[in-house]
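Data block below; observations after.
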Amino acid sequence: LVAAQNYTPGGVKVFDADTLALRADIPALTADGQRSRVVGLADLPGRRFIYSLFDADAICIADCTDPARPRVTRIDGIGHQPYDALVTPNGRHYIAGLFGEDGLALVDTWAEQPVARRILAGYGRGQQPLPVFKMPHLRGWAVAGRHAYLPAIGRHEVLVVDTTTWE
């Protein structure tokens, strides 16, 4: 399967990798039924995809074992305006950057009932943020060894995170 995110109108389309035939069209909706922009789409083991809803402050995991009937797990209240994300090399953790606040959302995709955990909340606390002219996407950053290297939005800094404690 191949998945493509739609920023506008919000949703995820899933295609057959061999024929490119549309297999699923998954809408991305806010609580009031409006379309949300989809960001941070990533592949997970087991015919699953994970993505964030910028306008709904949510992360969704789509299980496409049966692409005609994808099962979507939605995690709400993950933080304000997730803008991009990455998956750790082992496929276990999904880290979504939050444009609307200092911090990131972390989901353990191997958990029976996945939840979002806020990490590095308030990393710029007490400092005036700098203007953001271009969003630094997380996918171009790295997880190496037991450290993740992530951009600090509104700062001239790199966040170095210990992946055993997520601090």
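The values are calculated or read from the model by the stated rules, or taken from the named source; none is laboratory data. These numbers were taken from a predicted model, which means no experiment stands behind them. With ideal geometry, Cβ positions are generated from the backbone for all residues, glycine too; neighbour counts draw on all protein chains shown. Each accessible area value is taken on the protein alone, full model and side chains, heavy atoms only, with ligands, DNA and RNA left out. Shrake-Rupley method; radii C 1.70, N 1.55, O 1.52, S 1.80 Å.
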### Query
Taking the stretch 145-163, which residues are within 10 Å of Gly97 (Cβ to Cβ) and in contact with a His (Cβ under 9 Å, 6 or more places away or on another chain)?
Pro151
### Message
Quick check on the stretch 55-76. Is at least one of its residues part of a strand (DSSP E or B), in contact with a helix residue (DSSP H, G or I) (Cβ under 6 Å, 6 or more places away or on another chain) and of a type in the set (Gly, Ala, Ser)?
### Response
no
### Query
Somewhere in the stretch 113-127, is a residue open to solvent by less than 30 Å² (accessible area, probe 1.4 Å), in contact (Cβ under 8 Å) with a residue 12 or more places away in the chain, closer than 20 Å to Ile26 by Cβ and among the aliphatic types (A, V, I, L, M)?
no
### Message
I'm trying to understand the selection: among the residues of the stretch 11-48, which are under 14 Å from Ile75 (Cβ atoms) and touching an Asp or Glu at 6+ places or on another chain (Cβ under 6 Å)?
### Response
Ser36, Gly40, Arg48
### Task
Tally the residues that are farther than 21 Å from Arg92 by Cα and either open to solvent by less than 10 Å² (accessible area, probe 1.4 Å) or aliphatic (A, V, I, L, M) (or both), restricting the search to the stretch 24-58.
7
#### Entry: Complete set of residues in the stretch 132-144 that are under 16 Å from the mean Cα position of the chain (by Cα), closer than 20 Å to Gly100 by Cβ and open to solvent by 60 Å² or more (accessible area, probe 1.4 Å)
His137, Arg139, Trp141
### Task
With respect to Ile61, determine if the residue is out of contact with any Gly (no Cβ under 9 Å at 6 or more places or on another chain) and open to solvent by less than 50 Å² (accessible area, probe 1.4 Å).
yes
### Task
Mind listing just one residue for me: the one in the stretch 5-23 that is assigned to a strand (DSSP E or B) and free of Cβ contacts under 8 Å to residues at least 24 places away in the same chain and, of those, most open to solvent (accessible area, probe 1.4 Å)?
Leu22
### Query
Considering only residues of the stretch 91-112 that are closer than 18 Å to Glu157 by Cα and not in a strand (DSSP E or B), which is modelled with the lowest pLDDT?
Gly100
### Message
Asp18 - would you say it is over 15 Å from the mean Cα position of the chain (by Cα), at pLDDT 95 or above and either on the phi < 0 side of the Ramachandran plot or not hydroxyl-bearing (Ser, Thr, Tyr) (or both)?
### Response
yes
### Query
Name the residues in the stretch 145-167 that are exposed (fewer than 10 other Cβ atoms within 10 Å of the Cβ) and at negative phi, would you?
His156, Val160, Thr164, Thr165, Glu167
### Query
So Val72 fits all but one of (1) closer than 17 Å to Leu150 by Cα; (2) in contact with a strand residue (DSSP E or B) (Cβ under 7 Å, 6 or more places away or on another chain); (3) hydrophobic (A, V, I, L, M, F, W, C); (4) open to solvent by 30 Å² or more (accessible area, probe 1.4 Å); what number is the exception?
(1)
### Message
Pairs needed: first member in the stretch 69-94, hydrophobic (A, V, I, L, M, F, W, C); second member anywhere, exposed (fewer than 15 other Cβ atoms within 10 Å of the Cβ); C-beta distance under 7 Å; at least 6 residues apart or different chains.
### Response
Ile75/Val115; Leu86/Arg139
